[in-house]
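Below is one structure, written out as structure tokens; comments come after it.
The numbers here are math on the coordinates, done by the rules we state, and not lab data. Nothing here was measured: the structure is a model prediction, and the numbers come from that model. Quick reminder, even Gly has a Cβ in these numbers, built from the backbone with ideal geometry, and neighbours come from all protein chains shown.
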Amino acid sequence: MVVSAAAEPPLAVALYVHVPFCRSKCAYCDFYSLAGHEQLQPAFVDAALFEAGHWSHYDLLDDVPSLYVGGGTPTALGGELPRLVAGLLETACLRSDAEITVETNPETTDAALVDALVAAGVGRFSLGVQSFDDAVLRVLGRPHDARRAADAARLLAASGASLSLDLICGAPGQTEASWRGTLHRAVETGASHLSVYPLSVEGGTPLEATVAAGSVAAPDPDVAAEMMLTAESVLRDAGLYRYEVANYARPGNESRHNLVYWQGGAYLGIGPHAASMLPFRALRDVASSECWALGQLAEDGQPARARFSRDVQLLDYLKGPLASPGPFELLSAAQTAREDVMLGLRLVRGVTHAAVEAAGLPEVLRRLEGEGLVESEDGRWRTTERGWLLGNRVFGAVWNG
Ligand code: SF4
């Protein structure tokens with residue numbers, strides 16, 4: 001542990017771990033994860049714990065409000081996953097009320113593993129269901145069917161942990177009736193949180209190839225937009241309110257980890273493809289000890305915030321989990337203020353007029369208001385439904401000032 005000259009309160013840093021394994025690859029997925037490679041899993045857990053120890057040495061894990069183990073499919077680690085969670089809890093100082101989430105998928109959710117994770121301290125599971133319609137699951141190339149997804153949801157709901165489901169809309173061939181059926185079945189699982197995303201066709205994926213070959217129709221963004229509206233109405237009627245452009249929760253069940261991202265909080269990502277964001281001063285101390293080159297600020301002024309992510313193959317990560325995670329993106333105080341407004345406009349509650357003024361953005365927001373993309377009420381700016389549908393225009397205008 002590094003002893004600082006002045007006794008400053010520890011920096012609150014949310015912790016994310018990227019587990020790069022899946023049972024198989026889904027047709028639409030461009031996330032970094034490897035199917036199979038079970039023989040590398042113990043070494044991955046060792047490397048991730050080694051990396052956690054490294055950040056902890058620099059006092060960056062002394063006040064952790066949330067731990068999120070994502071991927072990939074963390075539960076593809078099987079019995080190695082409770083060892084990873086237990087090791088992280090030994091290394092990092094989590095708050096007594098910290099939110100601890102593990103992502104899972106139906107094909108890797110089993111009773112013994114769920115029990116072991118709950119015993120290790122996991123209080124929240126995020127289950128990748130995507131659809132309760134087998135035809136849609138086949139188009140998405142998911143390795144599970146609707147029945148397996150329902151069984152996994154039942155098991156997780158009975159574990160005593162809180163449950164979040166991920167759903168996808170706008171898949172080729174998905175009808176409004178199929179989507180409504182999925183939403184109703186998702187509500188019936190008792191999940192207290194739902195994430196709803198429109199399908200996008202990413203370059204280099206099998207889905208892109210089948211769309212290009214004409215075997216399946218390209219997703220229609222207008223259909224996906226209609227389905228997002230359907231989700232808003234069905235879920236509101238079921239008591240799950242929208243708090244972010246793609247996220248719904250029963251009151252008090254919002255994802256505290258994701259709120260850190262949307263509120264400009266500090267977070268550290270561990271693993272071969274994980275993103276981090278720290279106040280610049282916190283990273284500077286680590287970089288000077290580790291001889292990492294931080295690069296230049298993109299515009300005039302002092303750096304206030306640093307964003308960085310690893311983007312390495314698993315074998316390279318296993319060889320050097322403490323290698324410099326750059327390239328580093330350094331943001332000035334002005335860019336940081338604009339970024340906070342941009343992130344805050346993803347939230348239903350929006351951002352305060354004071355934050356918009358501090359970021360020098362009142363004129364930009366008024367221009368967006370003229371286009372019907374944001375609105376002002378009770379001293380806050382909020383994104384409208386149309387603004388969410390045209391999110392890139394809103395977020396781009398705010399970021400570019
Ligand atoms: S389970 Fe998730 S991370 Fe794994 S291949 Fe499918 S979409 Fe990608």
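If a residue has to be surrounded by 24 or more Cβ atoms within 10 Å (Cβ to Cβ) and away from the ligand (no atom under 16 Å from the Cβ) to count, how many in segment 68-83 make the cut?
Going through segment 68-83 one residue at a time, the tally reaches 0.
Consider TYR267 carefully, then state whether it is part of a helix (DSSP H, G or I) and within 30 Å of ALA52 (Cα to Cα).
Numbers: part of a helix (DSSP H, G or I): no; within 30 Å of ALA52 (Cα to Cα): yes.
In short, no.
Looking at ASP316, ASP311, can you tell me which residue is surrounded by fewer than 16 Cβ atoms within 10 Å (Cβ to Cβ) and not in a helix (DSSP H, G or I)? So that I can check it myself, show each step before the final result.
Details: ASP316 fails: not in a helix (DSSP H, G or I).
From the options ASP316, ASP311, the qualifying one is ASP311.
Inspect all residues belonging to segment 107-118 and state whether any of them is of a type in the set (Asp, Glu), touching a Pro at 6+ places or on another chain (Cβ under 6 Å), touching a residue at least 60 places away in the same chain (Cβ under 8 Å) and within 27 Å of ALA153 (Cα to Cα).
Restricting attention to segment 107-118, the residues satisfying the condition of being of a type in the set (Asp, Glu) are 107, 110, 115.
From what's left, touching a Pro at 6+ places or on another chain (Cβ under 6 Å): 107.
Next, only the ones that are touching a residue at least 60 places away in the same chain (Cβ under 8 Å) stay: 107.
Keeping just the survivors that are within 27 Å of ALA153 (Cα to Cα) gives 107.
Within segment 107-118, one or more residues are of a type in the set (Asp, Glu), touching a Pro at 6+ places or on another chain (Cβ under 6 Å), touching a residue at least 60 places away in the same chain (Cβ under 8 Å) and within 27 Å of ALA153 (Cα to Cα).
Which of the residues that make up segment 144-197 are crowded, with 22+ Cβ neighbours inside 10 Å and acidic (Asp, Glu)?
Passing the criteria: none in range.
Report, ordered by the first and then the second residue, all pairs with beta carbons closer than 6 Å, sequence separation of six or more or different chains, a first member in segment 20-46 that is without any contact (Cβ under 8 Å) to a residue 24 or more places away in the chain, and a second member that is within 15 Å of the ligand (Cβ to nearest atom).
Listed pairs, sorted by first residue: ALA35/CYS22; ALA35/SER24; ALA35/LYS25.
A quick yes/no check of all residues on (1) among the aromatic types (Phe, Trp, Tyr); (2) touching an Asp or Glu at 6+ places or on another chain (Cβ under 8 Å); (3) farther than 28 Å from ASP285 by Cβ:
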| residue | (1), (2), (3) |
| --- | --- |
| PRO9 | no, yes, no |
| ALA27 | no, no, yes |
| GLY53 | no, no, no |
| GLY70 | no, yes, no |
| GLY87 | no, no, no |
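When segment 324-351 is examined, which residues are found to be of a type in the set (D, E, K, R) and either in contact with a strand residue (DSSP E or B) (Cβ under 8 Å, 6 or more places away or on another chain) or not in a helix (DSSP H, G or I) (or both)?
Initially, segment 324-351 is screened for residues of a type in the set (D, E, K, R), giving 329, 338-340, 346, 349.
Listed by number, the residues that qualify are GLU329, GLU339, ASP340, ARG346, ARG349.
Using the structure shown, decide if ALA52 is among the small types (Gly, Ala, Ser) and either under 18 Å from the mean Cα position of the chain (by Cα) or within 16 Å of the ligand (Cβ to nearest atom) (or both).
Details: among the small types (Gly, Ala, Ser): yes; either under 18 Å from the mean Cα position of the chain (by Cα) or within 16 Å of the ligand (Cβ to nearest atom) (or both): no.
Considered against the rule, which asks whether it is among the small types (Gly, Ala, Ser) and either under 18 Å from the mean Cα position of the chain (by Cα) or within 16 Å of the ligand (Cβ to nearest atom) (or both), ALA52 comes out as no.
Could you tell me which numbered condition ASP62 fails, if it satisfies all but one of (1) away from the ligand (no atom under 16 Å from the Cβ); (2) farther than 21 Å from TYR261 by Cα?
(2)
Kindly establish whether VAL211 is in a strand (DSSP E or B) and either farther than 30 Å from VAL114 by Cα or without any contact (Cβ under 8 Å) to a residue 60 or more places away in the chain (or both). Steps first, please.
Details: in a strand (DSSP E or B): no; either farther than 30 Å from VAL114 by Cα or without any contact (Cβ under 8 Å) to a residue 60 or more places away in the chain (or both): yes.
In short, no.
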